Amino acid sequence: MSAAGFQAGTTYENVYLLFVDAAGSSTILASNPRDQAVRAFDLVQRRALSRVEGRCARAGVWSWRGDGGFLVVHDEEESTALHVALTAGIGLLTEDLPELREEFARIGVRGELHLRIALHKATISYPGGDTGSVHSPEIDFAAHLEEASPPDCLAISDAVYRVAGALAEGFEAVGGFEGRPVHLLSTGPAGEARRAWLTTSGLAQGTLVHAYPERPSQQQKARLVDTASEVIDLGTALNTCASFLTTTERPALYREAVLRLLARGGTYRCVLLDPDCPATKAIGELRGEDLAAKIHGSLARFARFRRRHGAEGLHVYHTTVFPGFAALAADLELILYSPYLLGTGTPVERADMPHYLLTPTAGRLFTDVRSTVAEIVGDLRRVL
């Protein structure tokens, strides 16, 4: 890309970094011939460039790949660069986006265009050469801010907001990102920016988990077993697990995964409630079922599986501790868990409860769940 007036070996203060990305561009790519999609995204780039080019000492595209990229804006008079960059971002959102959608429809581009836009300012050193290869923590922050921004919104960092003055009218303080305050402009009604930010980024100090609206299929659970040398399956009756291991249906994907685990010397540890403990009685009454009978039925099927397959690596335990969730743990490093939704009305079936796959990246949530599972399996009565 062109250096847009920047001199090699020079450090520039108060450089405005404007990131623009076509959110959901995969739908446009999938719905149109490639040359048509490329033409559509070129229109976005040209609109962005026309907003800044020739309007101050240095302005241009520094990196653009397909459906998005970033522009840099700088002038010895910071107020000039600020005005060019911020009005460019606002104009892209409020004027160009609706017009681009109309143009897409006119030239037959299928799919709906959405833009994520972010603006940050920083000190940047330009070493010369390809501007697309210029990296810095500030450029990284601006790129991450754009990725975190809701579609059809313009996010500005606090560094921009503090000097924006009247140009910041309409921006809402929505929270923090990577330790810095963020302000957001949405084309919706008052308060929409805060809702949009929470929808995309969640509340502060959140953590990454993989969430599923219901129990994953036996094929997906088999993938988890295939990663492990030890599996801990913790629940109340483990009725589904026992059914998977003894089913006459084909393919028996979960049973085959467990047999592979045992064949490589691994262990499958099943932890059920003690059918005679107070927790079993209480939960059974709450759910309106004979939970003790279900536990005895599962134990009988586990015993049948062991006999049929010589599965000495299958261990079955009883516990009197009800943790409030079910868990399938692979080496206590990947944990698929589901809180029980007991309620007092019609019980929610286990298969219909939300499930979450936790990894160490989930931080404290992962360590807390892992510690609870480890504590329960640390003192058990083996029954098979």
request  = Would you be able to say whether some residue in segment 90-101 is in a helix (DSSP H, G or I), among the small types (Gly, Ala, Ser) and open to solvent by less than 60 Å² (accessible area, probe 1.4 Å)?
outcome  = yes
ask   = Given the structure, is Gly129 surrounded by 14 or more Cβ atoms within 10 Å (Cβ to Cβ) and part of a loop (DSSP other than H, G, I, E, B)?
value = no
query = Within the set of pairs 6 or more residues apart or between chains, which connect a residue that is open to solvent by 70 Å² or more (accessible area, probe 1.4 Å) inside segment 365-384 to a residue that is in a loop (DSSP other than H, G, I, E, B) with Cβ atoms less than 7 Å apart?
reply = Arg370/Leu332
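Are any residues in segment 80-89 open to solvent by 30 Å² or more (accessible area, probe 1.4 Å) and either under 14 Å from Val15 (Cβ atoms) or not assigned by the TED database to the domain that holds His120 (or both), and if so, which ones? Full working, then the answer.
First, pick out the residues of segment 80-89 that are open to solvent by 30 Å² or more (accessible area, probe 1.4 Å): 80, 83, 87.
The answer is Thr80, and nothing else.
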query = buried (at least 19 other Cβ atoms within 10 Å of the Cβ) and assigned by the TED database to the domain that holds Trp62: does that describe Val163?
reply = no
query = For the subset of segment 107-126 comprising residues that are among the charged types (D, E, K, R) and surrounded by fewer than 20 Cβ atoms within 10 Å (Cβ to Cβ), which member is modelled with the lowest pLDDT?
reply = Glu112
query = So is His296 farther than 23 Å from Ala351 by Cβ and either within 37 Å of the chain's Cα centre (by Cα) or surrounded by fewer than 19 Cβ atoms within 10 Å (Cβ to Cβ) (or both) or not?
reply = no
note = Over segment 11-40, the set of residues in contact (Cβ under 8 Å) with a residue 60 or more places away in the chain and of a type in the set (Asp, Glu) is Glu13, Asp21
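Restricting to segment 303-332, and then to whatever is in a loop (DSSP other than H, G, I, E, B) and farther than 30 Å from Leu365 by Cα, can you tell me which residue is most open to solvent (accessible area, probe 1.4 Å)? Before the answer, list the steps.
Going residue by residue through segment 303-332, those that are in a loop (DSSP other than H, G, I, E, B) are 310-313, 320-324, 331-332.
The next check asks that each one be farther than 30 Å from Leu365 by Cα; those that pass are 310-312.
Working: Gly310: 51, Ala311: 5, Glu312: 119 Å².
Per the stated criteria, the residue is Glu312.
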query = How many of the residues making up segment 186-195 are open to solvent by 60 Å² or more (accessible area, probe 1.4 Å) and hydroxyl-bearing (Ser, Thr, Tyr)?
reply = 1
query = Hey, any hits in segment 41-54 for a residue that's more than 22 Å from Val134 (Cα to Cα), under 30 Å from the mean Cα position of the chain (by Cα), hydroxyl-bearing (Ser, Thr, Tyr) and open to solvent by 20 Å² or more (accessible area, probe 1.4 Å)?
reply = no
message = Among the residues that make up segment 247-268, is at least one of them modelled with pLDDT under 95, closer than 18 Å to Ala329 by Cβ and touching a Phe, Trp or Tyr at 6+ places or on another chain (Cβ under 7 Å)?
response = no
ask   = For segment 213-226, does any single residue satisfy the condition of being in contact with a Phe, Trp or Tyr (Cβ under 6 Å, 6 or more places away or on another chain), small (Gly, Ala, Ser) and either surrounded by 17 or more Cβ atoms within 10 Å (Cβ to Cβ) or not assigned by the TED database to the domain that holds Ala327 (or both)?
value = yes
query = Taking the condition in contact with a strand residue (DSSP E or B) (Cβ under 8 Å, 6 or more places away or on another chain), closer than 30 Å to Leu145 by Cβ and surrounded by fewer than 18 Cβ atoms within 10 Å (Cβ to Cβ), does His183 pass?
reply = no
message = For the structure I just gave you, tell me whether Ala22 is open to solvent by 20 Å² or more (accessible area, probe 1.4 Å), among the aliphatic types (A, V, I, L, M) and not in a helix (DSSP H, G or I).
response = no
key: Subset of segment 227-262 [under 25 Å from Pro360 (Cβ atoms), surrounded by fewer than 19 Cβ atoms within 10 Å (Cβ to Cβ) and free of Cβ contacts under 8 Å to residues at least 60 places away in the same chain]   = Arg260
remark   = Residue hits (segment 70-89; in a strand (DSSP E or B) and without any contact (Cβ under 8 Å) to a residue 60 or more places away in the chain) are Leu71, Val73
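The values are calculated or read from the model by the stated rules, or taken from the named source; none is laboratory data. Everything numeric in this text was worked out from a predicted model, so none of it was measured. When we count neighbours, we look across all protein chains shown, and the Cβ atoms used for this are built from the backbone with ideal geometry, even at glycine. SASA here: full protein model, heavy atoms, side chains in, ligands and nucleic acids out. Shrake-Rupley method; radii C 1.70, N 1.55, O 1.52, S 1.80 Å.
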